[in-house]
C-alpha cells in the first residue's frame, strides 16, 4: 500500500519540535555548563586577588541561569525553523505532491502471538487423599 503525506499540522510540529529541542538543548547545556564551570574554577585562583568576591559563586549562578535561558531560546528557534519548513512542505506538497511511503500489510493476528499460548492444567492438590 502506498500512502502520501499531503500536509503537516503546524501546531503539532511546533509542539513536538519544541519539547524535543528543549530536552536536547538542556542536555547539551548541562555538558557545556560543566565545561565552563571547570574553566572558571581553573582560572579563578589566578584572578582572585583582583576580584572583591568569589568568582566561582557568581559565575556558577550565572551559568545555571544561562543554561536555562539558552535552552528555551534555542528550542524556540528550532521550533520556528521546523514550522517554516513544514509550511513550505505543505505548500509544495499541495502543488506537486507529497512524500510517498510504501507500507506493508500487517501479519494476521491469528498467526502472530506476542504472548505464548499456555493450556491450563488442572490444579494440583497438596493435601493427601483421605482413607477410603
Per the C-alpha gyration tensor (a ≥ b ≥ c, the square roots of its eigenvalues), the range 2-102 is rounded if a/c is under 1.5, else prolate if a/b beats b/c, else oblate; here it's prolate
Enumerate the residues in the range 1-41 having an amide nitrogen under 18 Å from the point lying 7 Å beyond the Cα of residue 104 toward its Cβ. 1-3
Approximate spin-label separation residue 1-residue 88, in nm, with each point projected 7 Å along Cα-to-Cβ: 3.2
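No lab work stands behind these numbers, since they all come straight from the coordinates. Please read these numbers as outputs of a predicted model, since none were measured by experiment. In this analysis, Cβ positions are derived from the backbone assuming ideal geometry, glycine residues included, and neighbour counts consider all displayed protein chains.
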